[in-house]
Every structure is written in structure tokens, then in C-alpha cells.
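Worksheet: one structure, shown below.
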Amino acid sequence: MEEARAEAVIAPADEPDRPLIEGILRNTGLFKDSEIQVALEILDVYLYQDGQEDYQFYMASTDGRVAGYVCFGPNAVTEGTFELYWIAVDPLFQGRSVGRKLMEKAEKEALGRGGRMMCVETSSRDDYEPTRSFYQHLGYGAEARVADYYAPGDDKIIFVKRF
Ligand SMILES: CC(C)(COP(=O)(O)OP(=O)(O)OC[C@H]1O[C@@H](n2cnc3c(N)ncnc32)[C@H](O)[C@@H]1OP(=O)(O)O)[C@@H](O)C(=O)NCCC(=O)NCCS
């Protein structure tokens, strides 16, 4: 018989989530130290800069355990374009619709704030293939590619979903 699994609960991130977010980023095994540093710098803006509206962070918990998080926000120099800056699900919880729920939350919030589209940038590397498939599965199209952006042979691909 298949094990019953609780649906992920989504809630805004708070200070105690900081080490948990760092743990999730490390556990994925995908991100370099410099990338984790940037992810935490953005988190600190969200946590400690009063009145900022550039970044929103949401946590996903399953059975009371933190499973993943998403970070997104409006691009201030556009009219209604939102950026999905980061999404990560702990490997223990991947493949259980946690990522989908986080993406749906980000899209709903963006739409509620007048968003027209969500953009997400990712790498062309082989180890990002599952990530690209995930975005495509959720209705994102690869609309642009910048060759050698991250490193020689490592292109940036911009995925877009229009609401
Ligand atoms: C990418 C990631 C966020 C996906 O999260 P997840 O919780 O494992 O994904 P879900 O279980 O919610 O999958 C949602 C849907 O996408 C589909 N999907 C997931 N990975 C897929 C893949 N590699 N190929 C095709 N479809 C895929 C699932 O089948 C599911 O479909 P359904 O809802 O119609 O049944 C997660 O794997 C992760 O954290 N990866 C490492 C970090 C990363 O790449 N972050 C993004 C770069 S910033």
C-alpha cells in the first residue's frame, strides 16, 4: 500500500528559517559556495531590511519538517515582470509536489501584485537538466539563451511563463 503523505504547507519565511534554507541549498549538491552566499545575502535583505518589496521568501513544510523554499519578486525596472530568483527542495522531499506548490504560490502572489509574467534563469549544464524539465513541465518556455554566460560552455537560459 502506498504511504499517505501530507500536502506541503506554504508560509512566509522568518528568521529561524535562515539556517534551514542554507541547509537545503547545501543538500541539493547543485550550488557553489558563491551561489549560496548570494542566496543568503538576498535572504538577509528580506529578513532585515524594513519595508523592502523586492524579495519574497516562502517556506514549504511537510509533516512539520521544512522541505523547500522559493524566493521571487518584481523586477523594479519593468511593468509587471517578476523574477523567480531561487527555488530549492531538499533531496529528501523532491518528487512529492513540493516544488510545484512553491511555484504555484509564487505565481499566485505575483499575479495578485499585478504581475504579467514570471522569468527564471538557469544553466545549460547537464546537471541542471532535471531543473529545466521541471520548469517546462510547469508551463515555462525557454525564450532566450546567452552562450557562455556562467562560464565557458555554461549558457544562461531564460524561461518565461506569461499569466
Ligand atoms: C527543481 C526542484 C525545485 C523541483 O522540486 P520537486 O519538489 O522535486 O518537484 P515536484 O515534485 O513538485 O514536481 C512538480 C512537477 O514537475 C515534474 N517534474 C519534476 N522534475 C521533473 C523532471 N526532471 N522532468 C520532468 N518533470 C519533472 C513532476 O513530475 C511534477 O509533475 P506533476 O505535478 O504534474 O505530477 C528540485 O528538484 C530542486 O530543488 N532541485 C535542485 C535545485 C534547483 O535546481 N533549483 C532551481 C535552480 S535555482
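Derivation of every value follows stated rules applied to the coordinates shown; laboratory data play no part. Predicted, not measured: the structure shown is a model, and the values here were computed from it. Here Cβ is always computed from backbone atoms with ideal geometry, including for glycine, and neighbour counts include all displayed protein chains.
Taking Cα pairs under 8 Å and at least six residues apart, what relative contact order does the stretch 120-163 come out at, in percent? Please report the intermediate quantities before stating the final value.
Details: 62 pairs, mean separation 20.2, N = 44.
Relative CO of the stretch 120-163 lands at 46 percent.
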### Query
Tell me, what is the percent relative contact order of the chain, built from C-alpha pairs under 8 Å that lie six or more residues apart?
18
### aspartates and glutamates with Cα under 17 Å of K156, excluding same-chain neighbours fewer than 8 positions away
E35, E83, E121, D126, D127, E129, E143, D148
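When the helix-only estimate is applied to the chain (DSSP H runs of n ≥ 4, each -39,500 (n - 2.57), divided by the residue count), what is the mean residue ellipticity at 222 nm, nearest 500 deg cm²/dmol?
Numbers: 4 runs with 51 residues, N = 163.
Calculated at 222 nm, the ellipticity per residue is -10000 deg cm²/dmol.
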### Query
When the Karplus curve 6.51 cos²θ - 1.76 cosθ + 1.60 is applied with θ = phi - 60°, which whole-Hz ³J(HN,Hα) does each residue of the stretch 61-75 get, with x for Gly and Pro?
10, 10, 6, x, 10, 5, 10, x, 8, 9, 10, 8, x, x, 7
### Summary
Counting sequence-distant residues (5 or more places) and residues on other chains, those with an amide H built under 5 Å from that of R125 are D155
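Send over the Kirkwood Rh of the chain, from the inverse of the averaged 1/r over different Cα pairs, rounded to one decimal Å.
Details: mean 1/r = 0.0610 Å⁻¹.
Final number for the Kirkwood radius of the chain is 16.4 Å.
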### Message
Tell me which of V89, Q52, S34 sits at the most positive position along the dipole axis of the stretch 1-115, charges placed on C-beta atoms (Lys, Arg +1; Asp, Glu -1).
### Response
V89
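Tell me the net charge near G73. Cut-off is 10 Å between Cβ atoms, G73 excluded, with +1 for each Lys or Arg and -1 for each Asp or Glu.
Counting the neighbours of G73, the net charge comes to -3.
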### Order of E22, E15, E107 - criterion: other Cβ atoms within 10 Å of each residue's Cβ, fewest first
E15, E22, E107
### Task
Please list the non-local residues whose amide H lies under 5 Å from the amide H of E83, H modeled 1.01 Å from N, same-chain partners needing a gap of 5 or more.
G73, N75, C119
### Summary
Rounded to one decimal in nm, the spacing of the 7 Å Cα→Cβ label points at A76 and Q52 is 1.0
